[in-house]
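Working notes, beginning with the structure itself.
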Amino acid sequence: MKFNKALLAAIGLAFSVGAAHAQIKVGVTVSATGPAASLGIPERNTADLMPKEIAGQAIQYIVLDDASDTTSAVKNIRRFVDEDRVDVVLGSTTTPNSLAMIEVAAESRTPMISWAASSRIVEPVDDVRRWVFKTPQNDQHMATAIIEHMTNHGIKTVGFIGFADAYGEGWLEHFRTLAGLRGLDVVSTQQYNRTDTSVTGQVLQLISANPDAILIAGSGTPAALPQRTLVERRYAGKIYQTHGVANNDFLRVCGRDCEGTFLPAGPVLVADQLPDSNPVKASALTYIRAYEAAHGAGSVSTFGAHAWDSGVLLEAAVPEALKVAQPGTAEFRAALRDALENVSEAAGAHGIFNMSPTDHLGLDQRARVMVQIQNGTWKLAD
Amino acid sequence: MDLQIALILGQDGITNGAIYALLALALVLVFAVTRVIFIPQGEFVAYGALTLAMIENGFFPATMWLLLGAGVVVTLADGVSAIRAGQSRKVVGIAGVNLIYPLLLLALVWSLPLRDLPLAVQVLLTLLIVVPMGPMMYRLVYQPIADAPVLVLLIMSIAAHVAMVGLGLVFFGPEGYRTSPFSNARFEIGPMFVTGQTIWVILSSLVFIVALALFFSKTIYGKALRATAINPNGARLMGISPMLAGKLTFFLAALIGALSGVLISPITTIYYDTGFLIGLKGFVAAIIGGLSSYPIAAAGALMVGLLESFSSFWASAYKEVIVFTLVIPVLVWRSLTTHHMEEEE
């Protein structure tokens with residue numbers, strides 16, 4: 001009997017301690033396995049490095065894997081809002097997963113910060129997307145950078161080869177529109193699958209169209225295949241890749257065949273080469289140091305930096321929201337949403353965020369640089 | 001399209017077709033002997049390629065642990081049933097194959113300077129690690145339910161496939177690898193050039209197919225497998241152990257898979273989940289052969305490879321659609337021409 005009383009007292013104490021320190025709960029769903037795992041793993045690692053305390057409030061992260069699967073992502077966010085009653089949801093890694101999650105976020109009136117690239121996640125800001133923000137640059141940002149670089153280097157005709165999925169299709173659409181505006185001629189468009197073992201047919205088509213430059217719109221190491229085939233078939237023009245390849249595994253797989261390739265990327269990729277005057281340099285280096293301290297030198301990737309930037313946004317917004325309401329309430333979530341929308345000049349690893357009621361991304365031209373692959377490393381290009 | 005492009009595409013198609021042919025032969029063999037539709041065939045391709053990639057990069061190949069783990073489980077399962085049957089002397093043999101061998105191999109791999117070994121030794125090590133997983137897999141996954149209907153065996157295959165892909169992600173990580181080619185030679189033949197690796201792939205496939213044919217027609221084990229495929233009950237009455245036949249079949253299937261992986265990994269980047277699609281194309285070829293005819297399956301594999309290559313030139317967006325749609329006319333044709341026999345169950 002005595003023992004039972006003591007136990008009850010202990011349990012009571014435990015609960016009262018929990019209540020006294022109201023904490024902010026953050027639900028994180030990330031694609032740490034499945035096809036998007038190479039993006040999701042650095043993001044999950046970054047989640048461990050995000051602020052543990054903001055404005056005196058402890059932050060609790062609940063990290064779940066959605067296996068790059070849309071249904072699991074929705075299941076995860078349902079759990080976050082129904083059972084865990086989180087104050088904000090971060091993730092997921094891929095565009096399809098994020099698009100599937102926004103309905104739940106809006107319905108439960110929980111702010112959500114996506115780590116996926118497509119502009120459709122936050123545009124247009126309607127009743128549903130009021131609650132949704134994202135950190136990665138839009139593909140349009142990157143496409144304009146490529147087109148600017150092409151026109152500056154006298155390129156008139158372009159060949160395009162991209163993934164036969166949302167990523168490649170999205171790029172083709174943006175690239176075609178923007179290229180048309182700048183007078184570039186897209187002379188051949190080809191598609192291939194991430195899992196293809198050969199793209200000889202597509203590459204022969206591209207070469208027979210004889211373009212000045214070829215853009216490969218793929219992400220991760222599968223984007224190396226067309227490049228290797230192009231080099232093997234002695235294509236002499238310039239080759240461009242997208243920011244989807246900006247990780248070291250791509251360099252390893254592509255090897256010498258990728259020398260001289262141009263790509264747009266977030267400044268975090270070449271942070272140490274940026275001039276000191278660049279506003280992103282300091283914040284990007286902060287992230288790199290934090291990540292490499294935990295996971296070893298050279299382990300950092302630009303994808304993890306998108307996750308980091310959501311932490312930066314929270315650090316800017318949470319103190320404002322705390323002035324209005326206590327964590328764990330609907331008022332706090334609404335206040336946090338308002339505060340996220342008013343974030344200004346927050347320096348993340350990928351750029352400077354200036355949110356507005358019509359722009360839930362908030363990045364500008366400072367969020368991208370052109371990079372060239374030289375001697376197996378990334379070099380800032382002019 | 002001119003002749004030069006057609007030649008290049010043809011060469012590309014034949015190279016891929018050679019790999020599909022090997023896999024199709026393995027699928028036909030496994031189905032004929034054990035009635036298993038061997039979905040994880042592709043995983044052996046990925047395991048072979050990625051184990052070689054790890055050895056080449058000087059990492060300790062993580063598949064070694066899987067071999068050891070599977071060996072321990074097989075030793076326990078077989079050891080217990082041997083002791084129960086009062087044949088405790090057999091335990092030594094069982095442990096020798098399933099436990100001592102992986103341990104010796106582990107010690108060997110651990111002590112060798114993996115990165116500096118000649119490529120041939122690296123390939124040999126890869127095969128030594130990956131191939132024994134075939135018979136072990138048969139013992140653990142299929143042997144306990146060897147008499148189950150084809151559908152149950154298929155479901156087990158899918159389970160084994162999913163498990164192997166998941167383990168592959170743990171072992172090799174999400175990123176792909178490419179190994180260095182067996183030969184850097186390039187031959188210019190008229191308007192086209194042929195790489196040494198392409199010749200390696202085609203020649204090894206041919207050699208392997210001929211070796212298989214000889215194995216089935218000349219050796220006692222090969223004849224036993226053929227007998228089991230034609231009439232399992234009759235073969236059993238003649239003293240051919242269905243268990244041995246199953247293990248031998250899976251050994252061959254794993255060998256073909258790992259070898260294919262080693263052959264194509266210098267040509268294309270292999271990921272932990274690449275195997276499935278390669279295996280699936282081999283499966284299309286095996287279906288063309290009705291899961292029973294080796295020559296038709298091999299010819300079907302070449303057709304799949306060529307079709308893939310040419311459709312990637314003309315209609316790259318619809319390549320996979322075209323390849324997999326090939327199954328439909330084949331099935332229609334087969335169902336019209338063959339007399340269907342109900343499976344005895």
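Every number here is computed from the coordinates shown, using simple stated rules; none is lab data. Remember, predicted model here, so these are calculated numbers, not experimental data. Please note: Cβ atoms are built from the backbone with ideal geometry, for glycine as well, and neighbour counts cover all protein chains shown.
What value does segment B:3-337 have for Rg/Rh, both radii from Cα atoms and Rh as Kirkwood defines it? Mind showing how you got there, number by number?
Details: Rg = 20.3 Å, Rh = 20.7 Å.
Rg/Rh: 0.98.
Which parts of segment A:300-328 would a label at A:Arg289 reach, counting a residue when its backbone N lies under 20 Å from a point 7 Å out along Cα-to-Cβ?
A:300-302, A:304-313, A:315-316
Counting helices only, and only those DSSP H runs with n ≥ 4, report the 222 nm mean residue ellipticity of chain B as the sum of -39,500 (n - 2.57) divided by its residues, in deg cm²/dmol to the nearest 500. Working shown, then result.
Numbers: 16 runs with 243 residues, N = 345.
Result for chain B, helices only: -23000 deg cm²/dmol.
Taking each pair of different alpha-carbon atoms in the protein assembly as shown once, compute 1/r for the pair, average those values, and report the inverse of that mean as the Kirkwood hydrodynamic radius in Å to one decimal. Write down the numbers at each step before the final one.
Working: mean 1/r = 0.0355 Å⁻¹.
About 28.1 Å for the protein assembly as shown.
Please report the base-10 log of the normalised intensity I(q)/I(0) for segment A:130-213, using a Debye sum with one equal scatterer per alpha carbon and no solvent, at each q in 0.25, 0.27 (1/Å).
Values, matching the q order: -1.25, -1.33.
Starting from the eigenvalues of the Cα gyration tensor, five times each then square-rooted, give me the equivalent ellipsoid semi-axes of segment A:177-329, largest first, whole Å.
On the way: eigenvalues 285, 69, 50 Å².
Rounded to whole Å, the semi-axes are 38, 19, 16.
What order do you get for B:Leu237, B:Leu103, A:Leu269 when you list them from fewest to most C-beta neighbours inside 10 Å?
On the way: B:Leu237 9, B:Leu103 14, A:Leu269 25.
With the sparsest Cβ surroundings first, the list reads B:Leu237, B:Leu103, A:Leu269.
Size of segment A:89-136 along its principal axes in angstrom, Cα-based, largest extent first?
21, 19, 16
How many nm separate the modelled label positions at B:Phe193 and B:Met238, each set 7 Å beyond the Cα in the direction of the Cβ?
5.3 nm
Normalised by the empirical 2.2 N^0.38 Å for globular proteins, what value does the Cα Rg of segment A:65-156 take?
Values: Rg = 16.0 Å, N = 92, 2.2 N^0.38 = 12.3 Å.
Ratio of Cα Rg to 2.2 N^0.38 Å: 1.31.
Please report the orientation-averaged projected area of segment B:260-340, defined via the convex hull of its C-alpha atoms, in nm². Don't skip to the answer; put the middle values down first.
Details: hull surface 25.1 nm².
That works out to 6.3 nm².
For chain A, what value does the Rg/Rh ratio take when both radii are computed over Cα atoms and Rh is the Kirkwood radius, given to two decimals?
Working: Rg = 22.4 Å, Rh = 21.7 Å.
Ratio of gyration radius to Kirkwood radius for chain A: 1.03.
Once you place label points 7 Å from the Cα toward the Cβ at B:Leu3 and A:Glu331, how far apart are they in nm?
Between B:Leu3 and A:Glu331, the simple spin-label model gives 8.5 nm.
Assign one of three labels to segment A:139-265, namely rounded, prolate or oblate, based on the Cα gyration tensor with a ≥ b ≥ c the square roots of its eigenvalues; rounded applies when a/c is under 1.5, prolate when it is not and a/b is larger than b/c, and oblate otherwise.
Details: a/c = 1.37, a/b = 1.24, b/c = 1.10.
Rounded is the answer for segment A:139-265, as its axis ratio a/c remains below 1.5.
In segment A:200-298, which trypsin sites (Lys or Arg not before Pro) are in a loop and have at most 12 other Cβ atoms within 10 Å, using DSSP for the loop call? List each step's numbers first, then the result.
Numbers: sites: A:Arg228, A:Arg233, A:Arg234, A:Lys238, A:Arg252, A:Arg256, A:Lys281, A:Arg289; in loops: A:Arg233, A:Arg234.
Filter output for segment A:200-298: A:Arg234.
Could you put B:Ile199, B:Ile278, B:Ile189 in order, starting from the residue whose Cβ has the fewest other Cβ atoms within 10 Å?
Values: B:Ile199 15, B:Ile278 27, B:Ile189 9.
Exposure proxy ranking, most exposed first: B:Ile189, B:Ile199, B:Ile278.
Could you work out the percent of alpha carbon pairs in segment B:1-100 separated by over 23 Å, rounded to a whole number? Intermediate results must be reported in sequence, preceding the final value.
Values: 2890 of 4950 pairs.
So the portion of pairs separated by more than 23 Å is 58 percent.
Take the Cα atoms of segment B:107-211, build their convex hull, and give its volume per residue in Å³. Provide the component values of the computation, followed by the final result.
Working: hull volume 20.6 nm³, N = 105.
Roughly 196 Å³ of hull volume per residue.
Roughly how tilted is helix A:166-181, in degrees to the nearest 10 and between 0 and 90, from the longest Cα axis of chain A?
Compared with the principal axis, the helix lies near 60 degrees.
Of all alpha-carbon pairs in segment A:237-327, indicate the percentage at a distance above 15 angstrom.
On the way: 2792 of 4095 pairs.
Of all Cα-Cα distances in segment A:237-327, 68 percent exceed 15 Å.
For the residue pair A:Ser344 and B:Leu112, what label-to-label distance in nm results when each label sits 7 Å from Cα along the Cα-to-beta-carbon direction?
Calculated label separation equals 6.6 nm.
For chain B, which DSSP H helices look membrane-span-like by this rule: Cα extent along the axis of 18 Å or more and mean Kyte-Doolittle of at least 1.6? Walk me through the numbers before you get to the answer.
Details: long enough: B:3-34 (45 Å, 1.77); B:41-56 (23 Å, 0.82); B:63-84 (31 Å, 1.43); B:150-172 (32 Å, 2.57); B:196-218 (32 Å, 1.80); B:242-264 (33 Å, 1.85); B:275-288 (20 Å, 2.10); B:294-314 (30 Å, 1.16).
Counting only whole DSSP H runs, the qualifying helices are B:3-34, B:150-172, B:196-218, B:242-264, B:275-288.
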